[in-house]
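Below is one structure, written out as structure tokens; the observations come after it.
The values are calculated or read from the model by the stated rules, or taken from the named source; none is laboratory data. Everything numeric in this text was worked out from a predicted model, so none of it was measured. Glycine gets a Cβ as well: all are built from the backbone with ideal geometry, and neighbour counts include every protein chain shown. For accessibility, only protein heavy atoms count, side chains too; no ligands or nucleic acids. Shrake-Rupley method; radii C 1.70, N 1.55, O 1.52, S 1.80 Å.
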Amino acid sequence: MTVKHAPSPYSPWVERCAPLIPPGGSVLDVACGTGRHVTLLARAGHRVTAIDRDISRLVSGEAIEAIKADLEGSNAWPLSGRMFDAVVVTNYLHRPLLPILIDSVNPGGALIYETFAHGNEKLGRPGNPDFLLRDGELLEAVAEKLSVVMYEAGRIDDPKPAIVQRIAAVKTETISPAIPRWI
């Protein structure tokens, strides 16, 4: 008898890159949605700040701070001046936030980012170029600010076919143009 296991609700990218987050670190989950990564990171012992325009489906807990905010509105960034040991973003792109999110990473901290890229419009949603990364856009965004640990760009088939870019980068004292690697 073959036993099938339910697929993980977490992004495999976030799961793979989570060891880059300092133990017990503060994590910002941007556009957290239902909080799937909030749960993963809180269970790993991190203090998580979850931000989204709808936080009604999040489960509150001691290690979770939920902030309701329209990230694309005309209001100022609601976390101005706050720094985090990791910033996690999946399936979300609002280009004006990219430099703010990178600047919100503490020294020794990590940016873990994964979203849709140009070419995804042929496979499904999103198809609007405003929500699709240009080729190499994540690499350009972190250039001279973070050191790239891993980078991937291309097609995935699970959980559904999509074209994505993924980056894991850390803020170090000296930023080197190191070649991305796998962990």
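Structure above, values below:
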{"read-out": "Enumeration of residues in region 33-50 that are over 10 Å from residue 86 (Cα atoms) and in contact with a Leu (Cβ under 7 Å, 6 or more places away or on another chain)", "value": "35, 38, 49, 50"}
{"read-out": "Which listed residue, of 151, 113, 92, is open to solvent by less than 30 Å² (accessible area, probe 1.4 Å), among the aromatic types (Phe, Trp, Tyr) and either in contact with a helix residue (DSSP H, G or I) (Cβ under 7 Å, 6 or more places away or on another chain) or at negative phi (or both)", "value": "113"}
{"read-out": "Members of region 5-52 found to be open to solvent by 10 Å² or more (accessible area, probe 1.4 Å), within 22 Å of residue 158 (Cβ to Cβ) and touching a helix residue (DSSP H, G or I) at 6+ places or on another chain (Cβ under 8 Å), listed by number", "value": "8, 9, 10, 15, 18, 32, 40"}
{"read-out": "Unmet requirement for residue 125, which otherwise passes all of (1) loosely packed, with under 14 Cβ neighbours inside 10 Å; (2) touching a residue at least 12 places away in the same chain (Cβ under 8 Å); (3) under 15 Å from residue 91 (Cβ atoms)", "value": "(2)"}
{"read-out": "Some residue of region 166-173 being in contact (Cβ under 8 Å) with a residue 40 or more places away in the chain, in a strand (DSSP E or B) and touching an Asp or Glu at 6+ places or on another chain (Cβ under 7 Å)", "value": "yes"}
{"read-out": "Number of the exception - residue 137 against (1) open to solvent by 20 Å² or more (accessible area, probe 1.4 Å); (2) farther than 14 Å from residue 17 by Cβ; (3) not hydroxyl-bearing (Ser, Thr, Tyr)", "value": "(1)"}
{"read-out": "Cβ-Cβ under 6 Å pairs, at least 6 apart or on other chains, region 35-57 side more than 14 Å from residue 89 (Cα to Cα) and without any contact (Cβ under 8 Å) to a residue 60 or more places away in the chain, far side charged (D, E, K, R) and part of a loop (DSSP other than H, G, I, E, B)", "value": "53/70"}
{"read-out": "Residue in region 142-154 that is without any contact (Cβ under 8 Å) to a residue 40 or more places away in the chain, assigned to a loop (DSSP other than H, G, I, E, B) and either of a type outside the set (Ser, Thr, Tyr) or in contact with a His (Cβ under 6 Å, 6 or more places away or on another chain) (or both) present", "value": "yes"}
{"read-out": "Exclusive hit being open to solvent by 20 Å² or more (accessible area, probe 1.4 Å), among the aliphatic types (A, V, I, L, M) and in a helix (DSSP H, G or I), set 100, 163", "value": "100"}
